[in-house]
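**Student:** The structure follows.
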Amino acid sequence: MTTNAELHARRAAAVPRGIGNVTQIYPKRAKNAEIWDEEGKRYIDFGAGIAVVNTGHQHPRIVDAVKRQLDDFSHVCFQVTPHENYVSLAERLNGIAPVPGPAKTMLASTGAEAVENAVKVARCFTGRPGIVSFSGGFHGRTHMGMALTGKAVPYKKGFGPFPADIYNVPFPNVFHGTSSTESIKALKALFKYQSDPSTIAGIIVEPVQGEGGFNIAPAEFLAELRALCDEHGIVLIADEIQTGFARTGRMFALDHAGIKADVVTLAKGLAGGMPLSAIVGRADIMDAS
Ligand SMILES: Cc1ncc(COP(=O)(O)O)c(C=O)c1O
């Protein structure tokens, strides 16, 4: 029997320290909400791959869909030979995403890639450079993802310089003594003192911050962001990579607040562990060129 300790020693020798490990449990198999490690010990898995396997490990419909797809083809590249699966998933996401009016969907592989493309879309549509994000927010490990992320350690320290024209504003958080009113005041101060709203392409927000400590954006805060984006022609981007697909009890976290975004980024629960992400947005924004 291979032990967790043996595997951890091999891991230390073969894998860089930069990838942190929360546990030293090495799963051999997993089913529903349980994991069995290499030593045969059983655990209840509260990690769920960090909000990825929303339907549990090895859900039979997901396993079956993956097997059927592998029997047909694994990769053809949509840009070379488009295929029905991509189109029908886009149609389904366009129908359920919290986006007003006709929507369009682009697929990618990771959450960070979805965020990168949401920023590209917002900039292309508005012709503006600026993007606003929030303290405690997490948007991925690419350079743009890091720039948008509002947490210095462990995500940003030592990795700069970051892309320009990114502005970080305090997220409403009762534990940090910041109310919705104060957050909005800080955003308005940014507009006044640092960057006129006519230079801001997008505001990106997690309706419930994940990495930041499960902080819920108050509905009145999201409504105010929506109003400011409407007033200034700014694209409101909801990062629902962690909150999407019923993680908060509704299909999307924005549904609780009754707010719609212009662009939504999705990943994680979208494909139950397969590397798939999506950018769903207003058709006119997504088609910008
Ligand atoms: C809100 C949010 N945005 C973006 C990301 C980045 O996704 P990925 O790790 O798939 O690049 C994550 C991942 O944890 C996330 O929680």
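The values are calculated or read from the model by the stated rules, or taken from the named source; none is laboratory data. On a predicted model such as this, the values are computed, not experimentally measured, just so you know. Quick reminder, even Gly has a Cβ in these numbers, built from the backbone with ideal geometry, and neighbours come from all protein chains shown. Side chains included, ligands, DNA and RNA excluded: accessible areas come from the protein's heavy atoms. Shrake-Rupley method; radii C 1.70, N 1.55, O 1.52, S 1.80 Å.
**Student:** Provide a single number: the residues in region 20-43 that are closer than 20 Å to Val53 by Cβ, open to solvent by 100 Å² or more (accessible area, probe 1.4 Å) and part of a loop (DSSP other than H, G, I, E, B).
**Tutor:** Result for region 20-43: 2.
**Student:** Can you say whether Phe171 is in the same structural domain as Leu190 (by TED's automatic domain parsing), open to solvent by 70 Å² or more (accessible area, probe 1.4 Å) and in a loop (DSSP other than H, G, I, E, B), as far as the supplied structure shows?
**Tutor:** No: the conditions fail for Phe171.
**Student:** Run Arg92 past the list (1) touching a helix residue (DSSP H, G or I) at 6+ places or on another chain (Cβ under 9 Å); (2) part of a helix (DSSP H, G or I); (3) farther than 24 Å from Ala217 by Cα and report the number of the one that doesn't hold.
**Tutor:** Single failed check for Arg92: (1).
**Student:** Here's a check for you: in region 129-152, which residue that is away from the ligand (no atom under 11 Å from the Cβ) and open to solvent by 50 Å² or more (accessible area, probe 1.4 Å) is farthest from the chain's Cα centre (by Cα)?
**Tutor:** Pro129
**Student:** Could you list, in sequence order, the residues of region 59-83 that are among the hydrophobic types (A, V, I, L, M, F, W, C), in contact (Cβ under 8 Å) with a residue 24 or more places away in the chain and under 26 Å from Ala30 (Cβ atoms)?
**Tutor:** Across region 59-83, the qualifying residues are Ile62, Val66.
**Student:** Given the conditions (1) in contact (Cβ under 8 Å) with a residue 12 or more places away in the chain; (2) assigned to a helix (DSSP H, G or I); (3) over 19 Å from the mean Cα position of the chain (by Cα); (4) under 22 Å from Lys260 (Cα atoms), and given that Ala186 satisfies all but one, which numbered condition is not satisfied?
**Tutor:** The failed condition is (4).
**Student:** Just give me the residues in region 261-272 being within 12 Å of the ligand (Cβ to nearest atom) and touching a helix residue (DSSP H, G or I) at 6+ places or on another chain (Cβ under 6 Å), in sequence order.
**Tutor:** Thr265, Ala267, Lys268
**Student:** Also: Test Thr81 against the stated conditions and say whether it is modelled with pLDDT of 95 or more, hydroxyl-bearing (Ser, Thr, Tyr), assigned by TED's automatic domain parsing to the domain that holds Phe245 and in a loop (DSSP other than H, G, I, E, B).
**Tutor:** Numbers: modelled with pLDDT of 95 or more: yes; hydroxyl-bearing (Ser, Thr, Tyr): yes; assigned by TED's automatic domain parsing to the domain that holds Phe245: yes; in a loop (DSSP other than H, G, I, E, B): yes.
Against the criterion (modelled with pLDDT of 95 or more, hydroxyl-bearing (Ser, Thr, Tyr), assigned by TED's automatic domain parsing to the domain that holds Phe245 and in a loop (DSSP other than H, G, I, E, B)), Thr81 qualifies.
**Student:** Right, next: Restricting to region 95-127, count the residues that are part of a loop (DSSP other than H, G, I, E, B), crowded, with 22+ Cβ neighbours inside 10 Å and not hydrophobic (A, V, I, L, M, F, W, C).
**Tutor:** Adding up the residues that qualify gives 1.
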